[in-house]
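S.K.: I have a structure here, written as structure tokens, and I will follow up with some questions on it.
The values are calculated or read from the model by the stated rules, or taken from the named source; none is laboratory data. Computed from a predicted model, the values in this text were never measured in an experiment. Here the Cβ positions follow ideal geometry from the backbone for every residue, glycine too, while neighbour counts run over all protein chains shown. Protein only, heavy atoms only, side chains kept; ligands, DNA and RNA dropped before computing areas. Shrake-Rupley method; radii C 1.70, N 1.55, O 1.52, S 1.80 Å.
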Amino acid sequence: MSLFDHKLSELQEFLHKKEITVTDLVNESYQRISEVDGKVNAFLTLDEERARNSAKSMDKQLGNESSAGLLFGMPIGIKDNIVTKGLRTTCASKILENFDPIYNATVVEKLHKADTVTIGKLNMDEFAMGSSNENSGFKKTHNPWNLEKVPGGSSGGSAAAVAAGEVPFALGSDTGGSIRQPASFCGVVGMKPTYGFVSRYGLVAFASSLDQIGPITRTVEDNAYLLSAIAGHDPLDSTSANVKVPHFADSLKGDVKGLRIAVPKEYIGEGVNEEVKKSIKNAIKVLEGLGATCEEVSLPHSKYALATYYLIASSEASANLARFDGVRYGYRTPEAENLIELYKKTRAEGFGDEVKRRIMLGTFALSSGYYDAYYKKAQKVRTLIKKDFEDVFQNYDVIIGPTTPTPAFGIGENISDPVTMYVNDILTIPVNLAGVPGISVPCGFAEGMPLGLQIIGNHFGESTVYQVAHAFEQATDYHKQKPQL
Amino acid sequence: MSKISADQVKHVAHLARIAVSNEEAEKMRDELEKITAFVEKLNEVNTDGVEPTSHVLNMKNVMREDVPTDGLPREKVLKNAPQHQDGQFRVPSILE
């Protein structure tokens, strides 16, 4: 049995009683990484020396934890698009291969205050563009449940590392499903908070109106603790919301009696795998058994979400990624006659195919003569998609459905056709467009691969989302199953 | 909506500052056509009188006090630069 089979509150008790040390926890991480990461490929960079030193100094505080942070001594992995001072941050792109950040993201500062130990940086699709980790510029992460399958993406490294028992906690980022989809594929818990709830300062921007950082963990309770530690207003991110951060773990009473749950018919319709549908019907029964009422509703603009997302996200990305020009940081082409050629060759050589494809689409959608037809149109449809959610939340506490239309697919299976690959995100994207919070929790298996139940709340309704997720988790034992590696 | 021409792809690539060969432009043309054909589905939606959403929360024009703070030290700013000289970023000639 691994130490990481215990939840945070148990590990804190062991530490308090001095039955284990922080060094034991850090050893456990690096030991497991040395055993399995050759197969899983979740980590891009390890921070072993610093992690061991922090563990040593934390061990001196054992037994005197009055000043200890919420996550004292907990090993954590961080997605490689979140900047970490003095620890290489690449976004899994050749263009940032040797980038050494000079400051920490706000979430990293908050993790330090919570006393976590950073184990290393996790693989992802390049600049978070992808649903399978096959777009990483360095290596492909494999799904710990079946090494022939993708872990999902873009936070595939984060979800795979938690599922494989390499770290008990990880941070991911989610622009169109990049936390929830890999969490679903890898059988772990992944939360995308309300837009603006977690500071984006130091998150390398992909699509600024959609991006959110969030926690990936084995249990709902651990997830709630980690979100409490990283959330909150940040003067360095003017889009961050000025709201109070609740102590979410307090809302986990296992009770959903009287809660009104909406099930959108569009989320269990055409294109959704039969096993996936079955797992959702079962989840409805479980929640009804716990005293909630479930009713079918409609989110009528769901079918337009994917097209809306690809226009908005690519347009924003084409602007955000203009900063990678070979001048101030990152890769620079070895030979260029003049500045324009330097930009063009640097970007052609430094970016991968999917990143170029989206920059091209975004530049096209924003270019003169096309702006109104594409970008502005998409922003208007976004308003309608958001309104669909507002209408449902007038009468319901949460919305549930599958996280993904299918279980994890095979490596190489969808890579050739971008549109097929995009369809994977069809159930997660509307949540980003509306800016509401959504979590994925394990809810079954199909052909040995995990499935995820998505629970969506109203803006800043994280407490209710966690309450439902926790009640479902406690009533089932899908989260107790572990991949054999 | 009209088809995308190879010249259009090259124009967009120039705007995006990405060098493309003729073969790459051809491939990108195919992909862009496929994706734009897919997104044109949005034309089915009646958006008359609908305001565009650029930010999901009800906030605009976030202001703060204009208090000067220290910027980053020069040596740190230059630390990741591929080339620098005399405390400045070095680039190839800009003017002919």
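S.K.: Relative to the longest principal axis of chain B, what angle (0 to 90°, nearest 10) does the C-alpha long axis of helix B:22-39 take?
M.R.: 60 degrees
S.K.: How much accessible area does A:R200 have with a 1.4 Å probe, in Å² rounded to the nearest 10?
M.R.: Using a 1.4 Å probe on the heavy atoms, I get roughly 40 Å².
S.K.: Can you tell me the mean projection area, over all orientations, of the convex hull of the stretch A:246-329's alpha carbons? Units nm², please.
M.R.: Seen from a random direction, the Cα hull of the stretch A:246-329 projects 10.2 nm² on average.
S.K.: Need one number: nm distance between label points at A:D477 and A:E335, each 7 Å from Cα along Cα→Cβ, rounded to one decimal.
M.R.: In this crude label model, A:D477 to A:E335 measures out at 6.6 nm.
S.K.: I would also like to ask the following. Put +1 on the Cβ of each Lys and Arg and -1 on the Cβ of each Asp and Glu in the protein assembly as shown; which of A:L62, A:S315, A:H459 then has its Cα farthest toward the positive end of the dipole?
M.R.: A:L62
S.K.: Could you work out Rg/(2.2 N^0.38 Å) for the stretch A:2-129, with Rg from alpha carbons only?
M.R.: For the stretch A:2-129, the normalised Cα radius of gyration is 1.09.
S.K.: Excluding residues fewer than 8 places away in the same chain, name every one of the lysines whose C-alpha is closer than 18 Å to that of A:K285.
M.R.: Within the straight-line cut-off, A:K285 pairs with A:K257, A:K265, A:K277.
S.K.: Let me ask something else about it. Per residue of B:54-62, how many C-beta atoms from partner chains lie within 10 Å of its own C-beta, taken as a mean?
M.R.: Working: counts 8, 6, 16, 11, 2, 6, 0, 1, 6.
Average neighbour count from other chains, rounded to a whole number: 6.
S.K.: Is the shape of the stretch B:40-96 rounded, prolate or oblate, going by the alpha carbon gyration tensor and its root eigenvalues a ≥ b ≥ c, with a/c under 1.5 for rounded and a/b larger than b/c for prolate?
M.R.: It comes out oblate by the Cα gyration axes.
S.K.: Per residue of A:97-106, how many C-beta atoms from partner chains lie within 10 Å of its own C-beta, taken as a mean?
M.R.: Average per residue, whole number: 2.
S.K.: Roughly what would the spin-label model give for B:Q83 and A:D24, points 7 Å off Cα along C-beta, in nm?
M.R.: 5.6 nm
S.K.: May I pose another question? Which listed residue (B:A13, B:N61, B:A81) has the Cα farthest towards the positive end of the charge dipole for chain B, taking +1 on Lys and Arg C-beta and -1 on Asp and Glu C-beta about the Cα centre?
M.R.: Farthest towards the positive pole: B:A81.
S.K.: Could you work out how far the C-alpha centroid of the stretch B:7-51 sits from that of the stretch A:62-78, in angstrom?
M.R.: 49 Å
S.K.: Based on a Kirkwood Rh over C-alpha pairs, give the Stokes-Einstein translational diffusion coefficient of the stretch A:128-279 at 10 °C and viscosity 1.306 mPa s in µm²/s.
M.R.: Values: Rh = 16.6 Å.
Value of D from the Cα-based Kirkwood radius: 95 µm²/s.
S.K.: Can you compute the FRET efficiency between A:E270 and B:S93 using 1/(1 + (r/R0)^6), with r the Cβ-Cβ distance and R0 = 51 Å? Round to the nearest 0.05.
M.R.: With a Förster radius of 51 Å, E is 0.30.
S.K.: Using a 1.4 Å probe and counting only protein heavy atoms, how much accessible surface gets buried when A and B come together, both sides summed, in Å² to the nearest 100? Show your work: numbers first, answer last.
M.R.: Details: alone 18600 and 9980 Å², together 23190 Å².
Counting both chains, the buried surface is close to 5400 Å².
S.K.: Still on this structure: So what is the orientation-averaged projected area of the protein assembly as shown, using the convex hull of its C-alpha atoms, in nm²?
M.R.: Numbers: hull surface 107.7 nm².
Answer in nm², one decimal: 26.9.
S.K.: Let me ask something else. Just check the stretch A:236-377 against the gyration tensor rule for me: Cα atoms, a ≥ b ≥ c as the square roots of the eigenvalues, rounded for a/c under 1.5, and otherwise prolate or oblate depending on whether a/b exceeds b/c.
M.R.: prolate
S.K.: Evaluate the distance, in nm, between pseudo-label points positioned 7 Å from the Cα of B:S5 and of A:D255 along their respective Cα→Cβ axes.
M.R.: 7.0 nm
S.K.: Note the full-extension length gain between A:S34 and A:E295 as 0.36 nm times their separation in residues minus their Cα-Cα distance, in nm to one decimal.
M.R.: 89.2 nm
S.K.: Let me ask something else. In whole Hz and in residue order, list the ³J(HN,Hα) couplings for the stretch A:431-443 that follow from phi through the Karplus curve 6.51 cos²θ - 1.76 cosθ + 1.60, θ = phi - 60°; x for Gly and Pro.
M.R.: The phi angles translate into 5, 5, 5, 7, x, 8, x, x, 10, 10, 10, x, 9 Hz.
S.K.: Shifting gears a bit: In nm, what is the difference between 0.36 nm times the number of residues separating A:H247 and A:E447 and their Cα-Cα distance? Intermediate results must be reported in sequence, preceding the final value.
M.R.: Working: separation 200, 0.36 × 200 = 72.00 nm, distance 3.76 nm.
Here the answer is 68.2 nm.
S.K.: In Å², and per residue, what accessible area does chain A have when probed at 1.4 Å with the other protein chains present?
M.R.: In whole numbers, chain A has 33 Å² accessible per residue.
S.K.: Moving on to the next point. When N is the residue count of the stretch A:369-409, what does its C-alpha Rg come to as a fraction of 2.2 N^0.38 Å?
M.R.: Details: Rg = 15.3 Å, N = 41, 2.2 N^0.38 = 9.0 Å.
Expressed relative to 2.2 N^0.38 Å, the Cα Rg reads 1.70.
S.K.: Over 17 Å, how big is the tail of the calculated P(r) for chain B, in percent of all Cα pairs?
M.R.: Percent of Cα pairs beyond 17 Å in chain B: 76.
S.K.: Right, something else. Mind jotting down the distance between the C-alpha centroids of the stretch B:67-93 and the stretch A:96-146, whole Å?
M.R.: So the two Cα centres are separated by 26 Å.
S.K.: With the Cα gyration tensor of the stretch A:144-211 giving a ≥ b ≥ c as the square roots of its eigenvalues, does the rule (a/c under 1.5 for rounded; else a/b larger than b/c for prolate; else oblate) give rounded, prolate or oblate?
M.R.: Numbers: a/c = 2.33, a/b = 1.90, b/c = 1.22.
Taking the square roots of the gyration eigenvalues as a ≥ b ≥ c, the stretch A:144-211 is prolate.
S.K.: Helix-derived [θ] at 222 nm for the protein assembly as shown: sum -39500 (n - 2.57) over DSSP H runs of at least 4, divide by residue count, nearest 500?
M.R.: That calculation yields -11000 deg cm²/dmol at 222 nm.
S.K.: Right, next: Contour minus end-to-end for A:K303 and A:N282, with contour as 0.36 nm per residue of separation and end-to-end as the Cα-Cα distance? Display every interim value, and only then the final one.
M.R.: Values: separation 21, 0.36 × 21 = 7.56 nm, distance 2.47 nm.
Here the segment from A:K303 to A:N282 would lengthen by 5.1 nm.
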